[in-house]
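First comes the structure, then the notes that go with it.
Derivation of every value follows stated rules applied to the coordinates shown; laboratory data play no part. Quantities reported herein were computed from a predicted structural model and do not represent experimental measurements. Positions of Cβ are backbone-derived with ideal geometry, glycine not excepted, and every protein chain shown enters the neighbour counts.
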Amino acid sequence: MIRTTVLAVAFALLSGAAQAGTLEMTRPVQAVTLHDGAVDMVAYYLVRDDHYEVVVTYAAQAGSASLRRLHMGLADGDSTRFSLPGHRDIVYSFTREGRTVHLRADLTRTPRS
């Protein structure tokens, strides 16, 4: 399991990182990366019997060696929105439409200059 996660993260980083916006995962284990604010995130999904299991691994950019992982089940048409602990200024949205899972990050507050 750890080896699979490390390989998925390495593949995602090598295949190019994205900055904010909406990302799409159109096939199982197609990892996408998101670097938004102080959080680095890698996400992919696995096909289960009646849903897609979306796996998200994230870490704060500020020198944190600690990775955190989230798992969520999405049936066709499902969506969820949440913020991460310590990062309430970013709202992450995951939506499943057919064979595609969309990931979006939105700032909820304008950063102070």
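Key figures
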read-out: Cut-off 11 Å between beta-carbons: net charge of the residues surrounding LEU74, Lys and Arg +1, Asp and Glu -1; value: -3
read-out: Extension gain, SER93 back to ASP76 (0.36 nm per residue minus Cα-Cα distance, nm); value: 4.6 nm
